[in-house]
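Participant: Mind looking over this structure? Questions follow.
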Amino acid sequence: MKKLFLISLCIFTLISANQISAQSSRYRLKVGSLNIPLKLVAPPSTYNGRIEVYLEDVSANINKEFQLLDGDTPMYGSQLIMYFLPTKREQGSNLISHTITLAKGAKIPDDVLKTISEKMSAGDNITIQTVGTEGAVLVNSAAIYIKDPTQPYRPPVYPNYNNDADIFSWQIVGNLKKSLLKADTTVPENKKIVGMYKDKTKYDLMHIPGFHTKNRFIKAGENFWSDNEISKTENFSSLKLKPYYMYPEYAVAQEYAVNMRWGKINASPLSQNTTAELFKESCKNPIEIATPKDFIQLQQFEMIIVPDRGETIRYIVDNIANPKIQEVLSKVTNRTTIYLQNLMVKNEKSELLFMPMVFGFVISEPQP
């Protein structure tokens, strides 16, 4: 019994540590039309966030309403303190700060705004925190970084491969009413973990013959590109799918050897910088995934288009040749990254599998 308790405690500890790492959340800070998604960094209630925008975007929004949102619902009553310290400071200049009480229409006063506006330039940061707050949300840091348009373009996020060679025969899915254990229950090594999750009042168990995964612990609904960082979603897929975590997985030990080809462009997991002209030629072709040994065929994916300026939009796609998708892709401009996440594939047996890998295509002029 003592041994069983220790195993349970170890698994709980591992799950907790896995979930603490910069969790996406439903909270966000909004300044005019600028959205700063907040991520949990220190349980139970400390959040951070950061966005990078250009000077004109900050100038157009810093004079507008400040809101702390739970989904789309404003949270009033807290106090925010805003700090601004220019990168290029005049000698003797001090930190500019102002405290805002969150209420409908809360803004920076005109005199403070005038001082900030006169000093703002590329490389500056505006940092916002909650102060004196007792409640569910403590914003430790929400930063607005002013980008320099003369600097070379870089993707906002770099997807990584899981190059650990270990492959497991069970997986625990959290963030559900009852934790879900996915496992091949016939594997002798899974006997202990299956026994621990046999109480149907507390857990769900899904038997998947031959189940394999690279990740022992995941959270339902958690994505590489989180939902609260997406302005709009358009669904162009005819497939009626269950949640992604309900499917068997495609797991390969050597993820670094997996390559996505889109016409003349390769991503593994990120492509080289590709001009808009070459991308528009390549995007008319099917998307193929090359693996070390298996044949798999892409069935559906989420395409996240992240321009250097403007909204981030998600498209759910089952056919890249769809005229509506091709119209969207024909308008992609330089300084844009396109991420493909939540890939659903079929193998040689025509089994539908979830492929937990992310690829990115960088549309920008190659660096000299």
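The values are calculated or read from the model by the stated rules, or taken from the named source; none is laboratory data. The shown structure was predicted, so the numbers you read here are calculated from the model rather than taken from an experiment. With ideal geometry, Cβ positions are generated from the backbone for all residues, glycine too; neighbour counts draw on all protein chains shown.
Participant: Which residue out of 112, 173, 139 is in contact with a helix residue (DSSP H, G or I) (Cβ under 8 Å, 6 or more places away or on another chain) and not in a loop (DSSP other than H, G, I, E, B)?
Facilitator: Sole residue among the options that is in contact with a helix residue (DSSP H, G or I) (Cβ under 8 Å, 6 or more places away or on another chain) and not in a loop (DSSP other than H, G, I, E, B): 173.
Participant: Return the only residue of 364, 350, 330 being surrounded by fewer than 17 Cβ atoms within 10 Å (Cβ to Cβ), hydroxyl-bearing (Ser, Thr, Tyr) and touching a Lys or Arg at 6+ places or on another chain (Cβ under 9 Å).
Facilitator: Just one listed residue meets the conditions, 330.
Participant: Filter segment 61-77 down to residues that are within 21 Å of the chain's Cα centre (by Cα) and exposed (fewer than 13 other Cβ atoms within 10 Å of the Cβ), then give me how many there are.
Facilitator: 2
Participant: List every residue pair whose Cβ atoms lie under 6 Å apart, where the two residues are 6 or more positions apart in sequence or sit on different chains, the first residue falls within segment 348-368 and is touching a residue at least 12 places away in the same chain (Cβ under 8 Å), and the second residue, located anywhere, is loosely packed, with under 13 Cβ neighbours inside 10 Å.
Facilitator: So the pair list comes out as 348/295; 367/152.
Participant: Which residues, taken from segment 103-160, are among the β-branched types (Val, Ile, Thr), under 14 Å from residue 68 (Cα atoms) and surrounded by fewer than 16 Cβ atoms within 10 Å (Cβ to Cβ)?
Facilitator: 131, the sole residue that qualifies.
Participant: Let me ask something else. What about residue 233, is it outside the structural domain of residue 349 (by TED's automatic domain parsing) and either of a type in the set (S, T, N, Q) or in a loop (DSSP other than H, G, I, E, B) (or both)?
Facilitator: no
Participant: Also: Restricting the search to segment 226-248, which residues are crowded, with 19+ Cβ neighbours inside 10 Å, under 23 Å from residue 180 (Cβ atoms) and at pLDDT below 90?
Facilitator: none
Participant: Something else: Name the residue that is nearest to residue 117 (Cα to Cα), counting only residues in segment 46-88 that are assigned to a strand (DSSP E or B) and among the β-branched types (Val, Ile, Thr).
Facilitator: Of everything passing the filter in segment 46-88, 53 is nearest to residue 117 (Cα to Cα).
Participant: Continuing with the same structure: Got a sec? Which of 290, 251 is of a type in the set (A, V, I, L, M) and over 27 Å from residue 336 (Cβ atoms)?
Facilitator: Being of a type in the set (A, V, I, L, M) and over 27 Å from residue 336 (Cβ atoms) holds for just one of 290, 251, which is 251.
Participant: Sticking with this structure for a sec: Can you give me the number of residues within segment 39-56 that are touching a residue at least 12 places away in the same chain (Cβ under 8 Å), out of contact with any Lys or Arg (no Cβ under 6 Å at 6 or more places or on another chain) and farther than 19 Å from residue 83 by Cβ?
Facilitator: Result for segment 39-56: 5.
Participant: Here is a follow-up. Given (1) within 20 Å of the chain's Cα centre (by Cα); (2) more than 23 Å from residue 163 (Cβ to Cβ); (3) in contact (Cβ under 8 Å) with a residue 24 or more places away in the chain, identify the lone condition not met by residue 243.
Facilitator: That leaves (3) as the condition not met.
Participant: Next up: Quick check, is residue 289 surrounded by 18 or more Cβ atoms within 10 Å (Cβ to Cβ), modelled with pLDDT of 95 or more, touching a Lys or Arg at 6+ places or on another chain (Cβ under 6 Å) and not in a loop (DSSP other than H, G, I, E, B)?
Facilitator: No.
Participant: Still on this structure, I have one more. For segment 311-329, indicate whether the set of residues that are without any contact (Cβ under 8 Å) to a residue 24 or more places away in the chain, closer than 22 Å to residue 237 by Cβ and touching a helix residue (DSSP H, G or I) at 6+ places or on another chain (Cβ under 8 Å) is non-empty.
Facilitator: The answer is no; no qualifying residue exists.
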